[in-house]
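Undergrad: Okay, here's the structure, questions in a sec.
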Amino acid sequence: MASFKKLSTGWEFRVKYKDPFTQKFKEKSQRGFETKKEAQLAAAEIEKKLREGYEQTDLPLINYLELWIKEYKSGTVRKNTIALHSNNIKNHIKPYFKSIKLRDIKPIMYQSFLNSLADKGYSKRTVELVNSTFHNAMEKAIILGKIEKNPCNGVTIKGHKKNNSIQFIESHDIQSFLQAAHKYGYIYWIFFKLLIETGMRKGEAAALQWTDVDWKNHTISITKTLDFQAGEGEELFGDTKTFNSPRTIKISQGLVNDLRHNMNVQNQNKLALNEIYRHDLNLVLCRNDGDIMPKSSLFNAFERIIKKAGLPPLPIHSLRHTHAVMLLEAGADMKFVQERLGHGSIQITSDVYAHISKKIESNNMDKFERHMQNITK
């Protein structure tokens, strides 16, 4: 309910309301109106916004972001996405904005924040991810009536460009890598061989269960990913990375044979360990006791195997790129590579592997020219 009063500086209105967060009564006021009618119109606009849920509270930005994570993101997105948002808030947003109020964030202030990240040496991709967290949260703030405009709109994102050249194992080095892997440990050999032959993400491969293997049609269904960070009692399996990530891919007869052999190895372990074996997980790729392959073990093993094979340092994700390059070298088109890798769009695939595709195209053209020269001699 609004009240009005004439002062020496003009008309003033006061609107009392209950803060939905604190449940305490607050008051909005404004003065300086030339007529009572003008004050009434302004008060009516404020009351209208309050009825519609718009309310510029004194809620600190960080408190709002914590509320956004808890009430609107938890349970709706993957745990890894929650962790990404939380880390962006903790490591970047909170240290910069400190105790500033949500309503006080302005576009120029926000642009300065993004620029400060670039000035600290962060990559453009990192700045984009932080911006994604902030922008997403501000869009929800508009819907909740906390702010009228998104201060993140129209920003310029800067940052150091990372080396976009993909890393992969050259075709002629794959055999030596697999030989080194087999000497290091059978379970790592089968894990890394499957990554090379399928292009799966490590989490997708680690989550594979025997029910995902179709022996008759020589296919593997990729429908989930393993949460390497899951604690005691938490769900081990989560959704795949993107909407396009769930997929069914064809595998070679050679890989089918390797998987059958791996099943026989596991059956021997089951007989030897009996109740100790993790029968409940039913994993295709696992430790000797049927438990999951720890992320740290995979990373350490891969690093050592790469070194033993005499190859330059590479990330484990390079095995996914290795598969894609092998497909392109075999003549596969981008659409096939996209669907097999589970990329969200063919544009992503093209952007990642464009220079590899051009290199292969150039090599093929050189072979064609040499062939034509031999024919026309």
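The values are calculated or read from the model by the stated rules, or taken from the named source; none is laboratory data. These numbers were taken from a predicted model, which means no experiment stands behind them. Note: ideal-geometry Cβ built from the backbone for every residue, glycine included; neighbour counts use all protein chains shown.
Undergrad: Pairs only if they're at least six apart or on different chains, beta carbon under 9 angstrom, first in segment 119-136 and of a type in the set (Lys, Arg), second assigned to a helix (DSSP H, G or I); list them, first residue then second.
TA: Listed pairs, sorted by first residue: LYS124/ALA118.
Undergrad: Quick one: in segment 64-80, which of the residues that are polar (S, T, N, Q) and loosely packed, with under 15 Cβ neighbours inside 10 Å is modelled with the lowest pLDDT?
TA: Selected residue: THR76.
Undergrad: Here's another thing I want to ask about it. I'd like to know if segment 127-145 contains one or more residues that are within 19 Å of TYR96 (Cα to Cα), within 20 Å of the chain's Cα centre (by Cα) and of a type in the set (Asp, Glu).
TA: yes
Undergrad: Can you pull out the residues in segment 205-240 that are more than 16 Å from ASP291 (Cβ to Cβ), of a type outside the set (Ser, Thr, Tyr) and under 18 Å from the mean Cα position of the chain (by Cα)?
TA: ILE222, LYS224, GLY238, ASP239
Undergrad: Only one residue in ARG340, ARG320 is surrounded by 13 or more Cβ atoms within 10 Å (Cβ to Cβ), over 20 Å from SER165 (Cα atoms) and in the same structural domain as ARG201 (by TED's automatic domain parsing), so which one is that?
TA: ARG340 is the lone residue from the list that is surrounded by 13 or more Cβ atoms within 10 Å (Cβ to Cβ), over 20 Å from SER165 (Cα atoms) and in the same structural domain as ARG201 (by TED's automatic domain parsing).
Undergrad: If I ask for residues that are surrounded by 14 or more Cβ atoms within 10 Å (Cβ to Cβ) and either not in a loop (DSSP other than H, G, I, E, B) or not assigned by TED's automatic domain parsing to the domain that holds PHE237 (or both), which ones from segment 266-277 would you list?
TA: GLN266, ASN269, LYS270, LEU273
Undergrad: Just one of ILE220, ILE169 is closer than 30 Å to GLY121 by Cα, buried (at least 20 other Cβ atoms within 10 Å of the Cβ) and β-branched (Val, Ile, Thr); which is it?
TA: Unique residue meeting the criteria: ILE169.
Undergrad: Give THR225, THR198 a once-over and let me know the one that is closer than 23 Å to THR81 by Cβ and of a type in the set (Ser, Thr, Tyr).
TA: Selected residue: THR225, the only one of THR225, THR198 that is closer than 23 Å to THR81 by Cβ and of a type in the set (Ser, Thr, Tyr).
Undergrad: Moving on. Residues to consider are GLU38, GLU47, GLU12; find the one that is over 30 Å from ASN131 (Cα atoms), modelled with pLDDT of 90 or more and out of contact with any helix residue (DSSP H, G or I) (no Cβ under 9 Å at 6 or more places or on another chain).
TA: GLU38
Undergrad: Does segment 100-111 include one or more residues that are closer than 15 Å to VAL155 by Cβ, free of Cβ contacts under 8 Å to residues at least 24 places away in the same chain, among the hydrophobic types (A, V, I, L, M, F, W, C) and not assigned by TED's automatic domain parsing to the domain that holds GLY238?
TA: yes
Undergrad: Give segment 278-305 a look and list any residue that's buried (at least 20 other Cβ atoms within 10 Å of the Cβ) and more than 18 Å from ILE222 (Cα to Cα), or say none.
TA: LEU298, ALA301, PHE302, ILE305
Undergrad: Can you pull out the residues in segment 200-211 that are buried (at least 24 other Cβ atoms within 10 Å of the Cβ) and either touching an Asp or Glu at 6+ places or on another chain (Cβ under 7 Å) or not in a helix (DSSP H, G or I) (or both)?
TA: MET200, ALA207, LEU208 - these are the residues of segment 200-211 that are buried (at least 24 other Cβ atoms within 10 Å of the Cβ) and either touching an Asp or Glu at 6+ places or on another chain (Cβ under 7 Å) or not in a helix (DSSP H, G or I) (or both).
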